[in-house]
Structures are given as structure tokens and as C-alpha cells.
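**Student:** Below you will find the structure I want to go over with you.
The values are calculated or read from the model by the stated rules, or taken from the named source; none is laboratory data. Computed from a predicted structure; not experimentally measured. Here the Cβ positions follow ideal geometry from the backbone for every residue, glycine too, while neighbour counts run over all protein chains shown.
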Amino acid sequence: MSDNRYFYEPAKGHGLAHDPFNALVAPRPIGWISSQDSAGQLNLAPYSFFNAFNYTPPIIGFASTSYKDTVRNIEQTGEFCWNLVTKPLAQAMNQTSAAVAPDVDEFALAGLTAKASSIIKVPHVAQSPVTFECKLSQVLQLTAADGSKITTWMVFGEVVGVHIAQHLLVNGIYDTAAAQPVLRGGGPADYFVADATTRFQMHRPKL
């Protein structure tokens, strides 16, 4: 019986027009991370390897595929914010992905407002309807299966403060679709928006 599937070994190359890995694990939430160094220089950058990892305490994390300013800043201060990227903020988020010098303020570059946080010193994006204030939990340099270190750092943070725009709370329930979160897809420039048209519900089975 033939197997009508494409197979490749990543170490030997994918042989396709574009690496499909990011498209296969998709769509992914965007880690729009604000940080600042010990001198107070602001930084704002998006990371596509991002997710939530624990309920109690709530922990989120993102991976940086090199030791970038964001990782250095968080190690210096022990703090960062995650800011939700919505459809109206997509272009601004894209602006903050530009490779610029450490002394460039991406808030100003993208025309965004840095708003003081409630618990930590790092400010967040005022225009974003949802923000997590985080304190550093762990920074881990990732390793390959053979134990060799690779140039990717995983940053975990405990969420110590949550900001949610009031209009997104309906009868005490957060309305994900109303926020129009932008999700990273496959290909070199693909993004998606979660909205009410794609919603469906499934309840856990009761055995």
C-alpha cells in the first residue's frame, strides 16, 4: 500500500520552495514582547515561537533564535510584557520586526505609545487591548537531540498582572473573536485573523 505523503529529514533539507515547519505548526500566536535594559532603553519585538505553558502560576514563553536585545534586556531586569497583536495593530507589529540598532525605540518607530505598567517597570503597548505583565522565570539555551547547544534561547515568564479592555469582556467571559487576534501562519509573509466566522465549540466528553 503506497503512502501518499511527502517525507523529509530536516537535517538533510526539506527540498521545497519554502521550509514548511512554521506552516505545519500554525497558526501560532505572536509574542509581541516589550522590554527595557538596565538603563531604561525600550525595546519592542514580535516572536512567532510563543505560547502559554502553565495555569497556576500562569506562565508564558517565547523562543529567540539568536541572543537578541529582548533576551539580554529580560536577563538584566527580570521583567517583560506580552502585548496582544490585533488586526488594527498588524502593521505596527510588522514595523517592530525591523532589524535596528539597540538604541532605537521600536515604540516610536511604529508610532505606538509606551504605557506604564501596574506592577513591573517595563511599559506595555497602550494600543493593545490585552497585556500580560511578566517576571522572568527561566532562560534556557536550547539543545539538539545529541546534547549540543544551539543558538536559540527560550524565555519563560510568570504573569503577575493582566490588562483586558472592558469591551472584550462579555458577561465575565473574554471574547477572543472580538479582539481579532493576529496569528502567524506559514510561508514568508502569511498571517491569519481569528474571528467569529471560524468559531466552533466542543465540550469535553463526560465518561
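**Student:** Being farther than 18 Å from residue 62 by Cβ and assigned to a strand (DSSP E or B) is the filter here, so list the residues in segment 107-160 that pass it.
**Tutor:** 114, 115, 149
**Student:** Just give me the residues in segment 106-157 being free of Cβ contacts under 8 Å to residues at least 12 places away in the same chain and β-branched (Val, Ile, Thr), in sequence order.
**Tutor:** Of everything in segment 106-157, those that are free of Cβ contacts under 8 Å to residues at least 12 places away in the same chain and β-branched (Val, Ile, Thr) turn out to be 143, 150.
**Student:** Here is a further query. Report the residue count in segment 16-32 for those that are modelled with pLDDT of 95 or more and part of a loop (DSSP other than H, G, I, E, B).
**Tutor:** The total comes to 1.
**Student:** Report the residue count in segment 76-88 for those that are assigned to a helix (DSSP H, G or I) and surrounded by 22 or more Cβ atoms within 10 Å (Cβ to Cβ).
**Tutor:** 0
**Student:** Here is a further query. Just checking, how many residues over segment 158-190 are closer than 30 Å to residue 10 by Cα and not β-branched (Val, Ile, Thr)?
**Tutor:** Within segment 158-190, residues that are closer than 30 Å to residue 10 by Cα and not β-branched (Val, Ile, Thr) number 8.
**Student:** Follow-up question, since we're still on this one. Tell me, which residue of segment 115-157 that is closer than 27 Å to residue 169 by Cα and of a type in the set (S, T, N, Q) is surrounded by the fewest Cβ atoms within 10 Å (Cβ to Cβ)?
**Tutor:** 118
**Student:** Sticking with this one: I want to confirm something. Restricting to segment 89-106 and keeping residues that are acidic (Asp, Glu) and assigned to a loop (DSSP other than H, G, I, E, B), which single residue is nearest to residue 125 (Cα to Cα)?
**Tutor:** The residue in question is 105.
**Student:** So which pairs qualify, if the first residue must be in segment 170-183 and in contact (Cβ under 8 Å) with a residue 12 or more places away in the chain, the second must be among the aromatic types (Phe, Trp, Tyr) and not in a helix (DSSP H, G or I), the Cβ gap must be under 8 Å, and the two must be at least 6 apart or on different chains?
**Tutor:** Filtered contacts from segment 170-183: 182/191; 182/192; 183/191; 183/192.
**Student:** Looking at (1) over 22 Å from residue 179 (Cα atoms); (2) crowded, with 21+ Cβ neighbours inside 10 Å, which is the only condition residue 37 fails?
**Tutor:** (2)
**Student:** Further question: Based on what the data block shows, is residue 191 free of Cβ contacts under 8 Å to residues at least 60 places away in the same chain and of a type outside the set (Lys, Arg)?
**Tutor:** no
**Student:** Right, next: Residue 52 fails exactly one of the following numbered conditions: (1) touching a residue at least 40 places away in the same chain (Cβ under 8 Å); (2) within 12 Å of the chain's Cα centre (by Cα); (3) not in a helix (DSSP H, G or I). What is the number of that condition?
**Tutor:** That leaves (1) as the condition not met.
Yes/no matrix, rows are residues, columns are (1) of a type in the set (D, E, K, R); (2) more than 13 Å from the chain's Cα centre (by Cα); (3) surrounded by 14 or more Cβ atoms within 10 Å (Cβ to Cβ):
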site	(1), (2), (3)
15	no, yes, no
19	yes, yes, yes
32	no, no, yes
43	no, yes, yes
60	no, no, yes
97	no, no, yes
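**Student:** Under 7 Å between Cβ atoms, at least 6 apart or on separate chains: pull out the pairs that start in segment 74-86 with a residue that is of a type in the set (Asp, Glu) and end on any residue that is crowded, with 24+ Cβ neighbours inside 10 Å.
**Tutor:** Cβ pairs passing all conditions: 79/122; 79/134.
**Student:** Can you find even one residue in segment 171-186 that is loosely packed, with under 10 Cβ neighbours inside 10 Å and part of a strand (DSSP E or B)?
**Tutor:** Yes, segment 171-186 contains a residue that is loosely packed, with under 10 Cβ neighbours inside 10 Å and part of a strand (DSSP E or B).
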